[in-house]
Amino acid sequence: MNAGSRIPLWIIALLAAICLGVLAWTTFGFVVPFKHETGQAVLDVYFSGYDELTVGRMRQLLDHNEIANNLLQAMYAGPEMIFPALLTALLLLVLMWLRPSGSHFNRPIRPSLIALVYVLPFIYGLADYGENISSLIAFGDSAWTEHAARLLPWMTRVKFASLAICLIVIARFAIVRAMHREEGDT
């Protein structure tokens, strides 16, 4: 029995359900009301990225709209405080359950590459928390506001890139695992 087979699928499903619940809390409790209040989306949902100019415009908007500012602050103090950790744990458990191994271009996957696969969820988690902290600093009153405003777009890009890479790697190993299971049945 190896490590991946010890993780019950119901634990992964439960963690996925909790992640969806917290995501719904974020979306319907903060993102949608923010959009309704300002007509703009929070920067956390800019999947294609944004620049420092967009951060400046958001800062001006928050300076003039106390309700929007309070919504954003509450989002970072509420669901965004736990969501990155939950999603990081879910991604890691799924990877452990899939037990990354096998071959790549007809060569065995090196242990160092497998270790890197297990690091990917942590890169996502750190980038998401970094984005949240950068947002709090960039939209607050701090001596570090300008530095955080420059860093914020990069943190968002790293967050979404690492999440996308995690999902691609998970899909790849899930497909490989399904193919091996089918080969064993025939």
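The values are calculated or read from the model by the stated rules, or taken from the named source; none is laboratory data. If you're wondering where the values come from, they're calculated on a predicted model, not measured in any experiment. Methodologically, a virtual Cβ is constructed for each residue, glycine included, from the backbone with ideal geometry; neighbour enumeration extends over all protein chains shown. Please note that ligands, DNA and RNA were not included when accessible areas were found on the heavy atoms of the full protein model with its side chains. Shrake-Rupley method; radii C 1.70, N 1.55, O 1.52, S 1.80 Å.
A few remarks follow.
- Scanning the range 138-147 for residues that are open to solvent by less than 60 Å² (accessible area, probe 1.4 Å) and among the hydrophobic types (A, V, I, L, M, F, W, C) yields Ala138, Phe139.
- Restricting Phe47, Phe28 to those that are part of a loop (DSSP other than H, G, I, E, B), of a type in the set (A, V, I, L, M, F, W, C) and open to solvent by 40 Å² or more (accessible area, probe 1.4 Å) reduces the list to Phe47.
- Checking Gln40 against (1) assigned to a helix (DSSP H, G or I); (2) free of Cβ contacts under 8 Å to residues at least 60 places away in the same chain; (3) polar (S, T, N, Q), the condition it does not meet: (1)
- Residue in the range 148-164 that is outside any helix (DSSP H, G or I), within 20 Å of Asp63 (Cα to Cα), touching a helix residue (DSSP H, G or I) at 6+ places or on another chain (Cβ under 8 Å) and open to solvent by 30 Å² or more (accessible area, probe 1.4 Å) present: no
- Residue within the range 101-110 that is loosely packed, with under 14 Cβ neighbours inside 10 Å, at negative phi and part of a helix (DSSP H, G or I) present: no
- Any chance Pro84 is assigned to a helix (DSSP H, G or I) and either at pLDDT 95 or above or among the aliphatic types (A, V, I, L, M) (or both): yes
- Any hit, the range 165-182, residues being part of a loop (DSSP other than H, G, I, E, B) and touching a residue at least 40 places away in the same chain (Cβ under 8 Å): no
Matching residues to (1) charged (D, E, K, R); (2) under 12 Å from Phe34 (Cβ atoms); (3) open to solvent by less than 40 Å² (accessible area, probe 1.4 Å):
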residue: Ile67; (1), (2), (3): no, yes, no
residue: Phe83; (1), (2), (3): no, no, yes
residue: Leu90; (1), (2), (3): no, no, yes
residue: Arg99; (1), (2), (3): yes, no, no
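- Among the residues of this structure, Ala77 counts as one that is within 24 Å of Ala41 (Cβ to Cβ) and either among the acidic types (Asp, Glu) or open to solvent by 60 Å² or more (accessible area, probe 1.4 Å) (or both).
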